[in-house]
Each structure stands twice: as C-alpha cells, then as structure tokens.
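Beneath this line is the structure, given in structure tokens, with notes to follow.
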Amino acid sequence: MNSRLTTRATSLDARANALASRKQRLDAEIDAEMIRPAPCHLQLGKLKRSKLRLKDEIAEIEGVLSTVQRARLERRAS
C-alpha cells in the first residue's frame, strides 16, 4: 500500500509541475497580448479562463497530495 501512495504522489507531483509550467506560459501569452496596441479581448478572455482552469486543477492536486502526505505520516506514527 505504501508504494502505491508513493507512486501516486510522484505522478500527481509531476502533473502539478506540468500544469504549473503551462500556467506560466499562459501568463506570458496574456502579458504579450496585453501589451499589443489593440489587444484582442476575446483571446484574453480565453487565455484567462484557461489559466483559471489550470489554477483549479493545481489546487485540487495539491489537496490530494496533502492527503497522501497525512496518510504517510499517520502510517509512520502507528
């Protein structure tokens, strides 16, 4: 069971890192669009919604990771 938790945590951590990288790229795209003389508000909205979805998914994964961490600590304590 412990190795399954470790494997799950590792894959979730990798997913969270990949999402964080994608979020940084979206930040750069949003910044680039904002400095244009006539930014496309539809494109900005699309980028910002994508960024919010990523933020939500990252938060969800971080919640699962903290649960896994607590489970590990509880197993060590018992």
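No lab work stands behind these numbers, since they all come straight from the coordinates. Note that the coordinates shown come from a computational prediction; the quantities given were computed from them, not determined experimentally. Backbone-built Cβ (ideal geometry, glycine too); neighbour counts: all protein chains shown.
Descriptive notes on the structure:
- Three-way shape label, segment 10-53, alpha-carbon gyration tensor, a/c 1.5: prolate
- Rounded to the nearest 10 degrees, the inclination of helix 41-77 to the longest alpha-carbon principal axis of the chain is 10 degrees.
- Ordering A59, A71, I30 by Cα displacement along the dipole of the chain toward the positive end leaves A71 in first place; charges were set at the Cβ atoms of Lys, Arg (+1) and Asp, Glu (-1).
- Two-site label geometry, M34 and E57: point separation in nm, points 7 Å out along Cα→Cβ: 2.3
- Charged-residue dipole, Cβ positions (Lys, Arg, Asp, Glu), the chain about Cα centre, Debye nearest 20: 240
- Choice from R36, R53, R15 with maximal GNM fluctuation in the chain (Cα, 10 Å cutoff): R36
- Overall form of segment 2-77 per C-alpha gyration tensor (a/c, 1.5; a/b vs b/c): prolate
- Relative contact order for the chain: 44 percent, from Cα pairs under 8 Å spaced at least 6 residues apart, divided by residue count.
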